[in-house]
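One structure is given below, encoded as structure tokens.
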Amino acid sequence: MGCAASKSGGAKAERLSRWKATGIVALRDAKLKSFPDEVLELDRSVRTLDFTKNKLADIPEDISKLTNTQRLILADNLIEHLPRNVVKLQSLKFINLDQNRVTVLPDELGQLVRLERLSISGNQLCTLPETIGSLRNLLLLNVSNNHLKFLPESIGSCFSLEELQANENSIEEIPSSVCNLIHLKSICLDHNNVKQIPPSLLKSCKTLQNISLHENPISMDQFQSMEGFQEFEARRKKKFDKQIDSNVIIGSKGLDEGVDL
């Protein structure tokens, strides 16, 4: 018994030492049902937490101790909500909560001002908090495969946003504030209920190269009649010409990608 306990203690010490040295706690597919207490002992040493494909249902409030965490990867678990204390992780740049059971995001999410990438596809969200507009450094927002009926008007304040993915929802219209996103390159809204898009979208978003609206009640005629369509088409063509010149493999949608209706 004493020998077994000694080995167990030695293994734990070795794990903690490795995690502290690398700053990376990777426990993918480790059959975890609860957040390991030993990870919380690492305090400021952690930079990346990766608990992909486990059975975690809760994230402890004490996660706030890991104040230097930059990447929080919790995909493929059973998580229903984020603790409000997650906002104390002020170094966070990347959150992945894909394929969980999250029904609501806390208003405090907007306090994570360094956040650059937020992916929460495959959950049960019906709304996004208005405070999402405070994420001024956000580059990517992926909220696909949820139950969203609309995007908040405040999304137009995510001034750095380059890519918006909201496929497989019930969204009926794109908020006019999206026209404020001057760095937006791609917007994907396949399988929604979008009937129209803001009339000045193509004119205002001068870096936009890709719009995907498959399986929506909007026609190509509506799209082509928008002001700024010709300029958009030129950007789209230039993008794909560059990919071909660089021998980049084009996906199954081929050159149709970019104006997908």
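The values are calculated or read from the model by the stated rules, or taken from the named source; none is laboratory data. Since the structure is predicted, the reported quantities are computational estimates derived from the model, not experimental observations. FYI the Cβ positions are ideal-geometry reconstructions off the backbone, even for glycines, and counts take in every protein chain you see.
Some points to look at:
- Where Lys253 falls short, out of the listed (1) among the basic types (Lys, Arg); (2) modelled with pLDDT of 90 or more; (3) closer than 22 Å to Glu168 by Cα: (2)
- When Ile182, Ile197, Ile187 are checked against the criterion of being touching a helix residue (DSSP H, G or I) at 6+ places or on another chain (Cβ under 9 Å) and within 24 Å of Gln124 (Cβ to Cβ), Ile187 stands alone in meeting it.
- The set of residues in region 182-236 that are in a strand (DSSP E or B) and among the aliphatic types (A, V, I, L, M) comprises Ile187, Ile211.
- Whichever residue in region 237-250 is part of a helix (DSSP H, G or I) and among the hydrophobic types (A, V, I, L, M, F, W, C) and, among such residues, is modelled with the highest pLDDT: Phe240
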